[in-house]
Amino acid sequence: MPQEPTADYVDGMVDVLAQHHDPAVLEAKALAYRLRRITHRLETEMKRELTPLGIELWALELLACLLRAPQHRLTASQLVTAMQLTSGAVTNRVAKLEAKGWAVRDFTPHDRRSVTVSLTREGAERAREVFATKTQTELRLLSSLSAEDQRRLNSDLRTVLLALGDHDN
């Protein structure tokens with residue numbers, strides 16, 4: 001007979017909330033809490049693994065956005081959308097990558113407000129050097145789910161993101 005999973009931290013929270021909410025609300029709350037806790041753990045572990053390599057997670061994510069882009073180039077507004085950040089945060093992060101020689105900003109001559117960010121050869125090399133570490137961390141942290149469970153969870157989470165308007169365009 002299969003053994004029941006042990007309770008996690010969220011189960012304790014839900015037990016306390018059970019007297020105030022109906023089951024549907026409790027399920028939504030439990031899922032939201034678990035998603036936040038998992039996201040926090042993933043980011044914390046990745047940062048811990050990347051720190052000795054001299055790169056921060058935000059930098060690797062920005063480099064990855066540029067690496068995936070056609071000609072390794074995106075406008076600042078495309079980066080804002082891709083990274084879900086404010087324009088000021090993107091400007092700040094791009095400036096930091098530019099100072100390291102990993103990205104360059106090009107301004108449109110007739111409109112100085114229009115900025116294109118391009119990945120440098122050094123930036124692409126640096127990103128590729130550390131991608132394996134990030135990938136290994138992801139695999140390790142999600143290894144408790146079978147491949148089928150991962151596919152199902154990915155599909156379910158895609159459904160939620162699409163309902164929230166998170167489309168590829």
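Before moving on, here are some points about what is shown:
- Residue 94 vs. criteria open to solvent by less than 90 Å² (accessible area, probe 1.4 Å), closer than 22 Å to residue 134 by Cβ, among the hydrophobic types (A, V, I, L, M, F, W, C) and touching a strand residue (DSSP E or B) at 6+ places or on another chain (Cβ under 8 Å): yes
- Sub-7 Å Cβ pairs linking a first residue in the range 82-103 that is charged (D, E, K, R) to a second residue that is open to solvent by 30 Å² or more (accessible area, probe 1.4 Å), at least 6 apart or interchain, are 93/58; 98/104; 98/105, ordered by first then second residue.
- When residue 88 is tested against (1) surrounded by fewer than 11 Cβ atoms within 10 Å (Cβ to Cβ); (2) under 30 Å from residue 5 (Cβ atoms); (3) of a type outside the set (A, V, I, L, M), only condition (2) is not met.
To keep it simple, each residue is scored yes or no on (1) at pLDDT below 95; (2) among the basic types (Lys, Arg).
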position	(1), (2)
76	yes, no
93	no, yes
99	no, no
110	yes, no
120	no, no
128	yes, yes
134	yes, yes
144	yes, no
152	no, yes
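- Boolean, residue 148 is open to solvent by 90 Å² or more (accessible area, probe 1.4 Å) and in contact (Cβ under 8 Å) with a residue 12 or more places away in the chain: no
- If the condition is being under 29 Å from residue 42 (Cβ atoms), open to solvent by less than 90 Å² (accessible area, probe 1.4 Å) and either touching an Asp or Glu at 6+ places or on another chain (Cβ under 6 Å) or in a helix (DSSP H, G or I) (or both), then the range 103-125 contributes 123, 124.
- Restricting attention to the range 46-60 and to residues that are assigned to a loop (DSSP other than H, G, I, E, B) and without any contact (Cβ under 8 Å) to a residue 60 or more places away in the chain, the residue that is surrounded by the most Cβ atoms within 10 Å (Cβ to Cβ) turns out to be 56.
- Looking across the range 126-135, the residues that are under 14 Å from residue 65 (Cα atoms) and open to solvent by 20 Å² or more (accessible area, probe 1.4 Å) come down to 126, 128, 131.
- When the test is whether a residue is free of Cβ contacts under 8 Å to residues at least 12 places away in the same chain, open to solvent by less than 70 Å² (accessible area, probe 1.4 Å) and under 21 Å from residue 5 (Cβ atoms), residue 157 passes it.
- Any hit, the range 61-80, residues being touching a residue at least 12 places away in the same chain (Cβ under 8 Å), assigned to a helix (DSSP H, G or I), touching a helix residue (DSSP H, G or I) at 6+ places or on another chain (Cβ under 9 Å) and at positive phi: yes
- Looking only at the range 3-45, and only at residues there that are of a type in the set (A, V, I, L, M), free of Cβ contacts under 8 Å to residues at least 60 places away in the same chain and touching a helix residue (DSSP H, G or I) at 6+ places or on another chain (Cβ under 7 Å), the one that is surrounded by the fewest Cβ atoms within 10 Å (Cβ to Cβ): 18
The values are calculated or read from the model by the stated rules, or taken from the named source; none is laboratory data. What you see is a predicted model, and the numbers here were worked out from it, not measured in a lab. Backbone-built Cβ (ideal geometry, glycine too); neighbour counts: all protein chains shown. Surface accessibility is based on the protein's heavy atoms, side chains included, excluding ligands, DNA and RNA. Shrake-Rupley method; radii C 1.70, N 1.55, O 1.52, S 1.80 Å.
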